[in-house]
1. For the stretch A:43-80, which residues satisfy the criterion of being within 12 Å of DNA strand E (Cβ to nearest atom) and more than 21 Å from A:Ile123 (Cα to Cα)?
2. Are there any helices (runs of 4 or more DSSP H) wholly within the stretch B:22-137 with 2 or more residues that are away from chain A (no Cβ under 12 Å) and away from DNA strand F (no atom under 16 Å from the Cβ), and if so which?
3. Could we say that D:Ser103 is within 16 Å of DNA strand E (Cβ to nearest atom), within 16 Å of the chain's Cα centre (by Cα) and either surrounded by 15 or more Cβ atoms within 10 Å (Cβ to Cβ) or closer than 30 Å to C:Val31 by Cα (or both) here?
4. Do you know which residues across the stretch C:147-157 are in contact (Cβ under 8 Å) with a residue 24 or more places away in the chain and assigned to a loop (DSSP other than H, G, I, E, B)?
5. Condition first: in contact (Cβ under 8 Å) with a residue 40 or more places away in the chain and of a type outside the set (Val, Ile, Thr). Now tell me which residues in the stretch B:80-91 satisfy that.
6. Mind listing whichever residues of the stretch A:29-38 are within 11 Å of DNA strand E (Cβ to nearest atom) and of a type outside the set (D, E, K, R)?
7. Of everything in the stretch D:148-164, what is aliphatic (A, V, I, L, M), facing chain C (nearest Cβ under 7 Å) and crowded, with 21+ Cβ neighbours inside 10 Å? Give them in sequence order.
8. Is it fair to say C:Lys94 is in contact (Cβ under 8 Å) with a residue 12 or more places away in the chain and among the charged types (D, E, K, R)?
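The values are calculated or read from the model by the stated rules, or taken from the named source; none is laboratory data. This structure is a prediction, so every number in the text was calculated from the model and none was measured. Every residue, glycine as well, gets a Cβ built from its backbone with ideal geometry; the counts of neighbours run over all protein chains shown.
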Number of protein chains: 4
Amino acid sequence: MTSDDRHSSRRARSEKAILEAASALIDEVGVGGLTIEGVAARSGVAKTTIYRRWRDKDDLALAILIELTAEISAPPDQGDTRKELLKFVETATKVITSGGVVSGLVSEIATTPHLSHQYVERIVDVRMAEVKTVIDRGIERGDLRPDTEVRLVHELLIGPLYYRLLFSKAPLTRRHREQVVDAVMQAFAPEDGSARSRRK
Amino acid sequence: MTSDDRHSSRRARSEKAILEAASALIDEVGVGGLTIEGVAARSGVAKTTIYRRWRDKDDLALAILIELTAEISAPPDQGDTRKELLKFVETATKVITSGGVVSGLVSEIATTPHLSHQYVERIVDVRMAEVKTVIDRGIERGDLRPDTEVRLVHELLIGPLYYRLLFSKAPLTRRHREQVVDAVMQAFAPEDGSARSRRK
Amino acid sequence: MTSDDRHSSRRARSEKAILEAASALIDEVGVGGLTIEGVAARSGVAKTTIYRRWRDKDDLALAILIELTAEISAPPDQGDTRKELLKFVETATKVITSGGVVSGLVSEIATTPHLSHQYVERIVDVRMAEVKTVIDRGIERGDLRPDTEVRLVHELLIGPLYYRLLFSKAPLTRRHREQVVDAVMQAFAPEDGSARSRRK
Amino acid sequence: MTSDDRHSSRRARSEKAILEAASALIDEVGVGGLTIEGVAARSGVAKTTIYRRWRDKDDLALAILIELTAEISAPPDQGDTRKELLKFVETATKVITSGGVVSGLVSEIATTPHLSHQYVERIVDVRMAEVKTVIDRGIERGDLRPDTEVRLVHELLIGPLYYRLLFSKAPLTRRHREQVVDAVMQAFAPEDGSARSRRK
DNA sequence: GACTAAGCGAGACGGTACGTCGCGTCTTAAA
DNA sequence: TTTAAGACGCGACGTACCGTCTCGCTTAGTC
């Protein structure tokens, strides 16, 4: 998995050209308008070379999506669970709206086992781990009930974003994110009301 | 736009044939595999005739999606907000999973203004109205806070379903639906704790 | 080119455009350089339309070859068997050398059952029938032995032409044709030498 | 150009591997299916190495064709011109039918000056020399007319074989070869009928 | 026996054309 | 007029090989 590097100068060079061209095209015409032939033309790389690395258009698009997403990392300890969750939701929002890549790919991801598997593994699971960090801290602080389920929180935080993005088309505002986070905080607040960072 | 219906024998006949063929095809090969040419062949209707009624493949698919969705109606008063919300989520689940139509169409809906507009109008808004009915009753009963926002509740209920359906691929179980509903109930419970139907 | 054009449904019109373009291209670059994409570009017809009629490049080329060949017809009674055979060989020469189509197609014909079958049926058999006419008259006149075999004569007349064309590259001259015809006349001359049209 | 042979171990080894692989492939899939990449894969030799020795696929195929053909040698004196011609035709038949190489290469040979030149030099001329030997003996014996032209006889003997092989697809039988040889004998028989080996 | 130039394997690359698919438009003839 | 039937232009697909091009490793034959 590592000795590729020997012949990598050429390989890496064309790979870079392809990804750049593809990203640019997605920005301009969206994932739906993305075309292998277009990428080839724009990058100055032969169609064959693209197919050598990605099995098809969606595979390439996914690679770019992953590139985009890779930037997210767990929100650091800020001493305030609400703030941390908000930070997480904020970053997630940024990612899923950028370039319309997600919008354009959902169907393919949801439909193609191969893609959905990759998506879960490389994105879903990673995000969930981040949420876990935040929640664990929140439980420790007494902001959240000890039995708070990570997966559920993740879904409640992220689901509404996707819903707006994909279906209702309602705007993704800061106010909305706060509402969602507050709802979650409320839903998983310890019963005795001893939490330190409560919604005002 | 209106008087067609009276002497619609021909029009109606072919429309029915088209929709039936299209539905059957979606069942068999999914929305992704849906093809105008396939529908024409199967329904014995000319391609031209299909294009006369729906501007393209996605428009046709949306029509079918709407047909499916049309069945949902507001859950009747059961005297129990939790039960009513659960009922709503249950029906919604049934619809979005049926035939993989939604999975296959999301990208197109999210991406095409024309489709997303129709989707919002004919589905999102309708659902929201149903949720509103339930919530209004819930507030009246004292199960929910008076300032509970319909839109937010709707998103928190529906978002997680879509998220599982499209991305995480986690199964859509009854247990999950209960968790979601309970979280919502908790999040919007009146502060004084006087609600009648609380999660145990 | 004539009054056909009026009802020449689209099909006929595009077919004509394709054949013309293909012929022109063969003239310019040979059968080897013939390309469906080239034909499409030159004829202003879509690639698909070409494939709708001919299964592939060779099938199209064969069609053109047949068009060329179709012009040959049995040499008319000239009262002189030698002259008639010469005439036959002359016409054949003209056909097989025109445009290098034959040279470029032999391998495909010889190799593909589908093509060879068509070739035999539409060309070989037709030619043989022509030779038969000439030979029958020759036998009647007493120029040839009554047991002269048509197939053999045909092969002896045509074989050397193909051999020069394809392999030895020796020029196809009038002198050569005469030698071949004379050899055949001699080989199948009646034993008693009573033939009227003998080689000088 | 000559001293290579001394320290040729490596060169010779890979050349052998290539030729063997190519021959095997031709046997299996025909010349049409022959592929440099296939040869490389099968022989364990790098594509580059093949291109170093043969300018392209056809050049390689020709090399193999020549290898095959090389086996023919002039039929020895049997005291009977007819028998000797028959022997020649028989050997020729064997060669041109073996492996379908000839069928698959004709077009390329006929079309590419470079190949046709080599073919004429290394095969056509060689064969003609053999026929000359036989004819010279025949003339001496009085079986053939003194002015019998070698080239013409060669063409009359070989042409029909090629014609059947490539076009008419009629079977290459012993009977057919005899007919051809007899026709030639007859065509070039001395006028006085003094030939010793005549067809009965 | 060590050195250097050639030959070699591996395989990535730019390219051309293939034959296929499904789109949405356009034409024709019959009802 | 409306329809069924289906030909058409189009754009992209993903594939197959082509012949070229590095790039280090192997391997003689020379010193």
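1. Selection gives A:Ser43, A:Gly44, A:Val45, A:Ala46, A:Lys47, A:Thr48, A:Thr49, A:Ile50, A:Tyr51, A:Arg52.
2. Filter on the stretch B:22-137 gives B:57-69, B:81-97.
3. In short, no.
4. C:Thr148
5. B:Asp80, B:Arg82, B:Lys83, B:Glu84, B:Leu85, B:Leu86, B:Phe88, B:Glu90
6. Once the filter is applied, which keeps residues that are within 11 Å of DNA strand E (Cβ to nearest atom) and of a type outside the set (D, E, K, R), the stretch A:29-38 yields only A:Ile36.
7. Within the stretch D:148-164, D:Leu156, D:Ile158 meet the criteria.
8. Here the answer is no, as C:Lys94 does not meet what is asked.
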